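Enquirer: Here it is, the structure, as structure tokens.
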Amino acid sequence: MRTDAASERGLSSAEAVARLRKLGAPAETSSRSVSSIVAGNVFTLFNAVIGVFFVLDLGLGLYADSIFGLIAVVNSYIGIRQELKAKRTLDQLAVLVAPHARGVRDGAVVELLGEEIVPGDVVRVEPGDQLVADGEVIRTRGMTLDESLLTGEADGVRRGLGERVLSGSFCIAGSGYYTVDAVREDSYAGRLAGEARAFRHPPSPLQEEVNQVIVACVYVMAPLAAVLLLTLKVRSVGIEEAAQTATAGLVTLIPEGLVLLMSVTFAVAVVRLARKDTLVQQMSATESLASVDTICVDKTGTLTDGELRLLGVEAASGVEAAAAQAALARYAASAGERNRTLEAIGERFPGEAERVGAEVPFSSEWKWSGLRIGSTSYVLGAPDVLERAGALTLPTGLAAKLATETKKGRRVVAFGHSSEALPSTPSGEPPPRLEPLALVVLEETLRPDAVETIAFMREEDVDLKLLSGDARSTVTAVAAAVGVPSGVGTIEGSELPEDPEALAEAAQRNTIFCRIAPEQKKALVAALAASGRYAAMIGDGVNDVPALKRARLAVAMGSGAQVTKGIADVVLLKDQFARLPQAVAEGRRIARNIHRLGRLYLTKTVYAAALILLVAVPGFAFPFLPRHLTLAATLTIGIPSFVLALAPSDGPLYRGRLLRALAAFAVPAGLATALGSILSFFLVDTVFGGSLEAGRTAATTTLIVLGLSFVLLLERGPGREHIAIQSYMLALVAGLGALFALILAAAPVRDFFDMVLLDATQWFLALLSAAVGLTIASALWRLPQIERLEAPEAA
């Protein structure tokens, strides 16, 4: 019994786990636990720091200051609720693409979910079916399995009678039956399930960039914390005052909500797309769509609806039309597995199945199929492929018909017969020499939304690559019909170079790729990725699987093969190609929202670092208590964050330069906030002789006014003055300003926050300091060094 295929073929357990990461019910993949999304990055460190300060506050009796910890708990609760809501929605949709099988029960073939299969069941396997259990083959008609997810081998493997098949493989050609003897946790894939569940999907570009921002904050926080604590120790500051100063200074450095809100934003986006019949099987896939700059699409089933209509049969000279049609009917009825071409032929020309002596199932690799019936071999396949193999020569009449129909974008297949035997290894041997019988003309219908979708992608500067196994004239005709400009680069699979660098150049230079084999699709997608492209692959058939596995983002059609939906990041459940632009727009909304959240949180980090260096380290009176910073963070960070995370955004997208671009906004804004707050405190407390409480109240007022001002300016800046401030943002800022005024007016709340009422002079000084801060920020934003930070690398 072959129970350890991976080890026998030289594939390590870890590699097998990686290849199996998307096997099993998509619900398990898409509905990952909250910890798998929130944990696994530097955010864990921040939560630990928050907890330390929270406990420190409580231990010292500083109950008012523990509001910060309570806010963190509330934020976490909201985030978890969003995750669970997304999980419930995805669980309902995931059933639609869950692995299933055709089991034979009571003599009839019935559709069963993978979890309903039990040992002893007989399962029928057809092309595109993923095996959901282990077993032994009891009948085969050229059944060929792709076991690359298990063994790493890309070549299909034919399975004969009595041979063992394993869950995790999928059928690429032929058909057959096997008896199940191991299911679920007892199957080969099931034994790896524990490790497979632990596999972490590679982070999206935005996740990687946000992690870079967080790491930068850690690098800033660590030395500042050491300097601050050392300074407090040298000055022999009391434990209570030291705790207040350390909490007020260091906690503000932490962008405690950035990753949490990113997770919440992902979850909300997943639910939004689910309502549009788009199943996201990786939370970060919605954002990944915003990074896509190249989309590779298959023609059949993606640009077209996948349904074939038989338009006619052109018999060869000297062959009666009735005889050709009868041979086609016999062929279609006797085939072991009927693809869409044979379904169309069988529907037009029904016939009786006959005994088959040998069979070569159709494969996208060799692009023909064959049957041996009696003493005659019949072959149905692509005319140009058969001609190149030396198996067929079309007479003048059929050649002219072929040219005419393919220019109209129609699919044409050749049908011939021979007395010679069929090859036993079609991947390495040509078909027998054929006498042409007829050409079969079929037509596919373009999806009604294909033209609009392709136009959208071109408007968004997304490069299109059309990959198809069909003939050049057919593919170029379809490309023209969907709006691809004439004159774009076109190349056939036989012309593709094998050298990786030359292949990458060909992949970037050309738009239309014809007569492409599955492995060539895979190589093209890999070459695009190697050249720096963020390539998405959209497909529906078994022949698209290798390319889908190599793409940065895999998108499957809902009516596609089971295995394509199993490995895809996104599934368009109702085959609505127009949902793709909506998903791209959702991804870009997420990216823009996270970018402006990053500006907000990084601004807070910069001003906190500036306060530590300018005030805490020299030993001056700190202008804030922790509760003041809690109030300011709630009004200028916490509440606006949830609005900014979900509201539409017109800001720019920073691909690959997020940290620099955020710094271009946050460094001037953070320094201006710190200087304005310090100035306000100094003028009220020192210059005009106010109390310490009045100075801190004035500094808090200046901090909140500047913070709310920068909330309005998050999407504006040099070169972006044309972006209007949205009315909802004006209403939000006005409401938060009014809330702060109410807090100052209500004596119990004001006393809780250790603030006092300001007189007219102190109000003037606080607002004047805010105006000075805005002036400083405006001047810094216009410095050439700052503007270069936000500019693209090429600029």
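The values are calculated or read from the model by the stated rules, or taken from the named source; none is laboratory data. Predicted, not measured: the structure shown is a model, and the values here were computed from it. Glycine also receives a Cβ, built like all others from the backbone with ideal geometry; neighbour counts cover every protein chain displayed. These area figures cover heavy atoms from the full protein model, side chains too; ligands, DNA and RNA do not enter into them. Shrake-Rupley method; radii C 1.70, N 1.55, O 1.52, S 1.80 Å.
Enquirer: Being open to solvent by 20 Å² or more (accessible area, probe 1.4 Å) and either more than 30 Å from VAL313 (Cβ to Cβ) or out of contact with any strand residue (DSSP E or B) (no Cβ under 8 Å at 6 or more places or on another chain) (or both) is the filter here; which residues of the stretch 442-468 pass it?
Expert: Selection gives PRO448, ASP449, VAL451, GLU452, ALA455, PHE456, ARG458, GLU459, GLU460, ASP461, ASP463.
Enquirer: From the list GLY162, GLY194, GLY156, which one is exposed (fewer than 15 other Cβ atoms within 10 Å of the Cβ) and at pLDDT below 70? Break it down into steps so the answer makes sense when it comes.
Expert: Numbers: GLY162 fails: at pLDDT below 70; GLY156 fails: exposed (fewer than 15 other Cβ atoms within 10 Å of the Cβ).
Going through GLY162, GLY194, GLY156 in turn, the sole match is GLY194.
Enquirer: For the list (1) part of a loop (DSSP other than H, G, I, E, B); (2) surrounded by fewer than 19 Cβ atoms within 10 Å (Cβ to Cβ); (3) out of contact with any Asp or Glu (no Cβ under 8 Å at 6 or more places or on another chain); (4) modelled with pLDDT under 80, I need the number of the one condition that ASP91 fails.
Expert: (1) is the only condition that ASP91 fails.
Enquirer: Do we have GLN576 as more than 30 Å from ILE678 (Cβ to Cβ) and part of a helix (DSSP H, G or I) here? Working first, answer last.
Expert: Working: more than 30 Å from ILE678 (Cβ to Cβ): yes; part of a helix (DSSP H, G or I): no.
Criteria not met by GLN576.
Enquirer: Right, here's the next one. Here are some residues: ALA517, ALA480. Which one is closer than 20 Å to VAL545 by Cα, open to solvent by 10 Å² or more (accessible area, probe 1.4 Å) and of a type outside the set (Val, Ile, Thr)? Spell out the reasoning first.
Expert: Numbers: ALA480 fails: closer than 20 Å to VAL545 by Cα.
Answer to the selection: ALA517.
Enquirer: Within the stretch 209-240, how many residues turn out to be touching a residue at least 24 places away in the same chain (Cβ under 8 Å), of a type in the set (Gly, Ala, Ser) and farther than 18 Å from LEU614 by Cα?
Expert: 1
Enquirer: Only one of ARG340, ARG330 is under 42 Å from the mean Cα position of the chain (by Cα) and either touching a residue at least 12 places away in the same chain (Cβ under 8 Å) or open to solvent by less than 10 Å² (accessible area, probe 1.4 Å) (or both); which? Even if it seems obvious, please write down each step before you answer.
Expert: Details: ARG330 fails: under 42 Å from the mean Cα position of the chain (by Cα).
One residue alone meets the criteria, ARG340.
Enquirer: Take the conditions modelled with pLDDT under 95, surrounded by 15 or more Cβ atoms within 10 Å (Cβ to Cβ) and either closer than 30 Å to SER691 by Cβ or in contact with a Leu (Cβ under 8 Å, 6 or more places away or on another chain) (or both) and apply them to VAL756. Does it pass? Lay out the reasoning, then the answer.
Expert: Values: modelled with pLDDT under 95: yes; surrounded by 15 or more Cβ atoms within 10 Å (Cβ to Cβ): yes; either closer than 30 Å to SER691 by Cβ or in contact with a Leu (Cβ under 8 Å, 6 or more places away or on another chain) (or both): yes.
In short, yes.
Enquirer: Only residues that are open to solvent by 60 Å² or more (accessible area, probe 1.4 Å) and touching a residue at least 60 places away in the same chain (Cβ under 8 Å): list them for the stretch 743-753, please.
Expert: PHE752
Enquirer: Between LEU446, LEU442, LEU386, which is farther than 22 Å from LEU303 by Cβ, in contact (Cβ under 8 Å) with a residue 12 or more places away in the chain and not aromatic (Phe, Trp, Tyr)?
Expert: Numbers: LEU446 fails: farther than 22 Å from LEU303 by Cβ; LEU442 fails: farther than 22 Å from LEU303 by Cβ.
When all the criteria are applied, what remains is LEU386.
Enquirer: Scanning the stretch 282-304 for residues that are under 18 Å from the mean Cα position of the chain (by Cα) and modelled with pLDDT of 80 or more, which turns out most open to solvent (accessible area, probe 1.4 Å)?
Expert: So in the stretch 282-304, the residues under 18 Å from the mean Cα position of the chain (by Cα) come out as 282-297.
Narrowing further to those that are modelled with pLDDT of 80 or more: 292-297.
On the way: VAL292: 6, ASP293: 44, THR294: 0, ILE295: 7, CYS296: 1, VAL297: 0 Å².
Residue satisfying both the conditions and the ranking: ASP293.
Enquirer: Anything in the stretch 549-585 that is open to solvent by 20 Å² or more (accessible area, probe 1.4 Å) and either without any contact (Cβ under 8 Å) to a residue 12 or more places away in the chain or of a type in the set (Asp, Glu) (or both)? List them, or say none.
Expert: Matches in the stretch 549-585: ASP575, ALA585.
Enquirer: Quick one: which of ALA734, ALA745, ALA672 is modelled with pLDDT of 90 or more and in contact with a Gly (Cβ under 6 Å, 6 or more places away or on another chain)? Lay out the reasoning, then the answer.
Expert: On the way: ALA734 fails: in contact with a Gly (Cβ under 6 Å, 6 or more places away or on another chain); ALA745 fails: in contact with a Gly (Cβ under 6 Å, 6 or more places away or on another chain).
Result: ALA672 is the single residue among ALA734, ALA745, ALA672 that is modelled with pLDDT of 90 or more and in contact with a Gly (Cβ under 6 Å, 6 or more places away or on another chain).
Enquirer: While we're on this one: Please work out if GLY351 is touching an Asp or Glu at 6+ places or on another chain (Cβ under 7 Å) and either closer than 23 Å to TYR534 by Cβ or of a type outside the set (Phe, Trp, Tyr) (or both). Don't jump to the end; show me each part of the working.
Expert: Working: touching an Asp or Glu at 6+ places or on another chain (Cβ under 7 Å): no; either closer than 23 Å to TYR534 by Cβ or of a type outside the set (Phe, Trp, Tyr) (or both): yes.
No: the conditions fail for GLY351.
Enquirer: Among the candidates GLU307, GLU352, GLU359, single out the residue that is of a type in the set (D, E, K, R), open to solvent by 40 Å² or more (accessible area, probe 1.4 Å) and outside any loop (DSSP other than H, G, I, E, B).
Expert: Details: GLU352 fails: outside any loop (DSSP other than H, G, I, E, B); GLU359 fails: open to solvent by 40 Å² or more (accessible area, probe 1.4 Å).
That would be GLU307, the only listed residue that is of a type in the set (D, E, K, R), open to solvent by 40 Å² or more (accessible area, probe 1.4 Å) and outside any loop (DSSP other than H, G, I, E, B).
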